[in-house]
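Step one of this worksheet: look at the structure below.
Every number here is computed from the coordinates shown, using simple stated rules; none is lab data. Computed from a prediction, not measured in an experiment: that's the story for all the values here. A quick note on method: Cβ atoms are made from the backbone with ideal geometry, for glycine too, and the neighbour counts reach across all protein chains shown.
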Amino acid sequence: MKHFVGRYVRHCFYNYFFHHHFHHNSQNNSYHNFQNCSHHNSQNCSYNSSPNSSPSSSPNISMAMIFASLSLLFSSSIYSETLPATTTEALSPEQLFMPQDTKYDWLQLTSLELLKGEIKSLYDDKLEFDSDELDTIYIDWEDVKALQSAGIVSIGFIDLSTKTGRLIVQDGNSYLDGEAFDKSQILTIIAGAQSEANYWSSKISLGANLRSGNTKQIDYNAIAKTVRRTTESRFNLDYIGNYSKSDSEEKINNNRINTNFDWFLSKQFYLRPVFAEIYTDKFLNIDYKLTLGSGLGYTIIDNAKTEWNISGGPAYTYTKFDTVEAGEDEDSSSATVVIETVYDTEITSDIDFITSYRVQYGDDNSGGYTHHALATIEIELTDIFDLDLSFIWDHINKPQADSDGEIPKQDDYQFVVGFGIDI
């Protein structure tokens with residue numbers, strides 16, 4: 001608009017200046033003066049047809065100067081406003097903000113890196129985020145500066161309550177569907193509305209050794225774990241199985257199943273209404289051994305890198321022996337005390353160390369003091385596959401003699417190399 005006005009002013013200036021100054025002494029001067037005066041009241045017009053009239057010439061030159069000034073004013077203004085910018089102001093990382101988005105979730109780290117993708121879950125102060133470019137990554141909750149969900153998420157709080165809604169965490173403030181709350185009260189986050197499938201996770205690790213030639217031998221082992229976890233409860237189911245056969249003769253055959261159910265009273269304390277173990281190992285002269293009990297548990301450490309739990313309580317143990325000497329009881333039962341601890345820590349972003357130790361005290365007929373120890377190093381190969389290195393140590397203080405009077409050894413050691421799959 002200003003550009004148009006400027007051109008219009010300059011056009012008027014040139015027409016006026018040439019018509020009223022340079023053509024003032026021409027023989028057609030009276031015609032031009034008449035044309036100019038036709039736009040004014042004829043009675044007030046200072047029209048003078050005399051070629052030598054100076055009073056008419058002086059005002060015309062003054063008007064020309066006014067038009068010239070206006071023309072220069074508009075021209076300089078337009079020129080300055082239409083000049084292209086010679087410098088571009090770059091945004092600093094602190095000025096980056098998460099965009100409003102209904103398709104992608106957004107994550108900003110304390111290092112000010114900004115990622116788009118999909119929120120998977122938050123457990124044990126570890127955020128699982130499926131980045132659009134970096135695939136699945138795990139971020140310590142303390143390293144999250146801002147988080148924004150495009151859709152609904154389910155949040156479990158330290159007081160064990162659960163709410164769903166659209167989450168925004170930014171500038172130290174947290175909002176769920178616009179309602180403010182304290183970020184430090186978040187215990188878990190699950191993508192989507194609450195559903196049973198979101199509570200379950202499983203892993204299985206398999207190892208095998210096949211040998212042929214002078215000796216035909218097959219060894220295989222399996223370690224599996226299934227967890228169902230909500231803000232209020234946790235269910236664990238673990239399995240360890242080993243089998244070895246050489247020249248058609250069994251050398252190893254044992255299976256162990258552990259399960260427990262925990263109900264959280266707070267973030268640290270939990271009630272364990274039931275725990276159970278089933279163990280079979282005919283080379284230890286145990287057809288099967290059943291332990292059933294209940295107790296309490298406490299979380300010693302629970303942060304982004306480490307979790308350490310300890311639990312225990314009274315139990316009942318029943319043992320059915322595989323074979324016995326003549327005149328000996330084929331089974332045994334007794335009251336026992338079970339204490340268990342589980343330690344899980346992150347050594348690096350790709351390596352985890354997990355160990356569990358379970359000790360049981362009973363009478364001599366049930367084995368006396370027994371323990372089961374498992375230590376595993378998990379090396380992440382991909383988002384799904386791991387390389388697992390496990391060491392297993394089983395001890396029974398009072399093994400029972402078989403029908404031939406042979407007493408099994410007290411200790412069994414095993415080193416297992418397995419290929420783990422997260423389900």
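Taking only the alpha carbons of the stretch 105-148, we obtain Rg and Dmax values of 9.1, 25 Å in that order. Neighbours of residue 394 by Cβ distance under 15 Å: Lys/Arg scored +1, Asp/Glu scored -1, total 0. Protection proxy ranking for 250-263, 324-337, 115-128, using the average of other Cβ atoms within 10 Å per residue and placing the highest first: 115-128, 250-263, 324-337. Pairs exceeding a 25 Å alpha-carbon distance, out of 216/398; 183/203; 126/267; 103/203; 267/289; 103/267: 216/398; 183/203; 103/203; 267/289; 103/267.
Please give the FRET efficiency for residue 180 paired with residue 245, using the beta carbon to beta carbon distance and R0 = 56 Å, rounded to the nearest 0.05. Step by step, r from the Cβ atoms, then E = 0.30. Multiplying each eigenvalue of the alpha-carbon gyration tensor of the stretch 114-263 by 5 and taking the square root yields semi-axes of 44, 18, 11 Å, largest first, rounded to whole angstroms. Whole-Hz Karplus values for the stretch 320-331 come out as 10, 7, 6, 9, 9, 6, 4, x, 9, 5, 7, 8 Hz, taken residue by residue from phi with 6.51 cos²θ - 1.76 cosθ + 1.60 and θ = phi - 60°; glycine and proline positions read x. Expressed as a whole percent, the proportion of Cα-Cα pairs in the stretch 269-423 lying more than 26 Å apart is 39%. Projecting the Cα atoms of 327, 257, 284 onto the charge dipole of the stretch 248-378 (Cβ charges, centred on the Cα centre) puts 257 farthest toward the positive pole.
With the simple spin-label model, which puts each label point 7 Å out from Cα in the Cβ direction, the residue 162 to residue 308 separation comes to 3.1 nm. Report relative contact order for the stretch 112-248 in percent, whole number only (criteria: Cα-Cα under 8 Å, sequence separation at least 6). Rounded, it is 17 percent for the stretch 112-248. Annotation: Cα Rg of the stretch 100-184 relative to the compact-globule expectation 2.2 N^0.38 Å equals 1.01. For the stretch 243-338, a/c is not less than 1.5, where a ≥ b ≥ c are the root eigenvalues of the C-alpha gyration tensor, and a/b does not top b/c. That puts it in the oblate class. Here the stretch 147-190 is treated as a Stokes sphere of Kirkwood radius computed over C-alpha pairs; at 25 °C and 0.890 mPa s its diffusion coefficient rounds to 239 µm²/s. Here the calculated FRET efficiency for residue 217 and residue 403, from their Cβ-Cβ distance with R0 = 45 Å, stands at 0.95, rounded to the nearest 0.05.
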